[in-house]
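Notes to accompany the following structure.
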Amino acid sequence: MNILYYFAETSAYMQQWQRFHLLDELERAGHTVTVYNPLTFTSTDEANEKLIPFLQKAGKSYDLFMNCVPSRLLYPETMQKVKSLGIPSLLICFDNLHAPFIHKEIAPYFDLVWLTSKETQYLFDGWKCNSVFQPYAANPHLFKPDFGEEILSVGFIGTLYDDRVIRVNSLTEHQIPCTLYSDGFFADGKGGAGKSLTYKDTLRLLANLSTFAIGRRVACGTVMNKLFPEKKQLHRNDFLELKRSVPFEQMNAVYSNHALSLGISELRNTFVLKNPVHKIHLRTFEIPMCGGLQIAPYREELAGYFEDDKEIVLCRSDEEFVSKAAFYLKPENAALRRTMKENARKRAESDHTWNRRFEAVFGRLFN
């Protein structure tokens, strides 16, 4: 299949993960993916104006028009014209759980909308969209076991957002060793969380969040984090080790060799709520695909992807998080950990690849 992908690609991780994950798998499966990047034009208006002539010049060479960018980068009137050309179209909404509104204006013009979270599907139904749910996945060709000397601590790769600090503090205060990989801990500030929103953008975001239930919970969590800043301070102690971020090519070894890898399902800023918002993240599938053993809060959806105490360690309370971490970190449980890691890889490779996800989506789109 020849695919044109409307994709605002930069060198930042927030975009490049798609190269390492889904685009690589699509190409390995025999598809050709051409990226149409609106950021390479002088303006968004120009990118939209030139898209239709580009498609018309290509004739019938594209079998699918695929997009992940919001309505501010791909206009509704442009999508109307794409639809008139008769090219099948797919919208992928990676953040539809907490930001469904970014695609509201263009979603109805796509033949199929791929949602990575079920919870806001009712909104897309109300917008008269044809939608399908498929979660994230991981590329088995690039994320694979690289076993070496085991590291007896709970490892975490990524930005330690406010709410994740609480989980790590709870572990280290109970003498559970944790190793965190993020440049954000160091003085040069490399790899930080990005630019802060302006006052105007913050008001606009809060207005959008107020329009749906999960959004209101995210907004409430944001306010509570501002009111109680002491809760998000990382406690430095003898059980905490801070290291630099690792590139993609080193993630395999880190996840493979840590005795446990921390899985976070609580959406940023909502950990402080009595009922946090939970989201399945990329690392949910990266960790097991690398042969890592993930410890994470129990969620029914997550338990449906990996079997508890055989392929993953799921915890139903803060107390259980600590007790299970202590148990699985015991040196004498090395053989158990290795068996569970191998089981996790097998399950991820058989059920949770991007190729499997796209096969399900294409089956819905073209049948």
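The values are calculated or read from the model by the stated rules, or taken from the named source; none is laboratory data. All of these numbers come straight from a predicted model, not from anything done at the bench. So basically every Cβ, Gly included, is an ideal-geometry build from the backbone, and we count neighbours across all protein chains shown. Please note that ligands, DNA and RNA were not included when accessible areas were found on the heavy atoms of the full protein model with its side chains. Shrake-Rupley method; radii C 1.70, N 1.55, O 1.52, S 1.80 Å.
Per the listing 24, 45, the residue uniquely out of contact with any Lys or Arg (no Cβ under 8 Å at 6 or more places or on another chain) and either exposed (fewer than 15 other Cβ atoms within 10 Å of the Cβ) or among the hydroxyl-bearing types (Ser, Thr, Tyr) (or both) is 45.
Enumerate the helices (runs of 4 or more DSSP H) found wholly within region 242-351, keeping only those where 2 or more residues are out of contact with any helix residue (DSSP H, G or I) (no Cβ under 7 Å at 6 or more places or on another chain) and without any contact (Cβ under 8 Å) to a residue 60 or more places away in the chain.
248-257, 300-305, 318-328, 334-351
Just name the residue that is modelled with the lowest pLDDT out of those in region 184-220 that are surrounded by fewer than 17 Cβ atoms within 10 Å (Cβ to Cβ) and of a type in the set (D, E, K, R). Per the stated criteria, the residue is 190.
Determine if region 310-320 includes at least one residue that is of a type in the set (A, V, I, L, M), under 20 Å from residue 147 (Cβ atoms) and crowded, with 22+ Cβ neighbours inside 10 Å. Yes, that holds for at least one residue. Remark: pairs (first residue in region 123-150, at positive phi; second residue surrounded by fewer than 16 Cβ atoms within 10 Å (Cβ to Cβ); Cβ separation under 6 Å; 6+ apart in sequence or on different chains) are absent.
In this structure, residue 356 does satisfy being open to solvent by 80 Å² or more (accessible area, probe 1.4 Å), in a helix (DSSP H, G or I) and touching a residue at least 40 places away in the same chain (Cβ under 8 Å). Kindly evaluate residue 264 against the criterion of being β-branched (Val, Ile, Thr) and at pLDDT 95 or above. Spelling it out, it is not the case that residue 264 is β-branched (Val, Ile, Thr) and at pLDDT 95 or above.
Right, residue 154: free of Cβ contacts under 8 Å to residues at least 60 places away in the same chain, at negative phi, part of a strand (DSSP E or B) and in contact with a helix residue (DSSP H, G or I) (Cβ under 9 Å, 6 or more places away or on another chain) or not?
Considered against the rule, which asks whether it is free of Cβ contacts under 8 Å to residues at least 60 places away in the same chain, at negative phi, part of a strand (DSSP E or B) and in contact with a helix residue (DSSP H, G or I) (Cβ under 9 Å, 6 or more places away or on another chain), residue 154 comes out as no.
For region 114-133, what are the residues that are touching a helix residue (DSSP H, G or I) at 6+ places or on another chain (Cβ under 8 Å), polar (S, T, N, Q) and either farther than 16 Å from residue 278 by Cα or in a helix (DSSP H, G or I) (or both)? Across region 114-133, the qualifying residue is only 131.
Yes/no matrix, rows are residues, columns are (1) in contact with a strand residue (DSSP E or B) (Cβ under 6 Å, 6 or more places away or on another chain); (2) at pLDDT below 85:
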| site | (1), (2) |
| --- | --- |
| 234 | no, no |
| 239 | no, no |
| 250 | no, no |
| 269 | no, yes |
| 284 | no, no |
| 292 | yes, no |
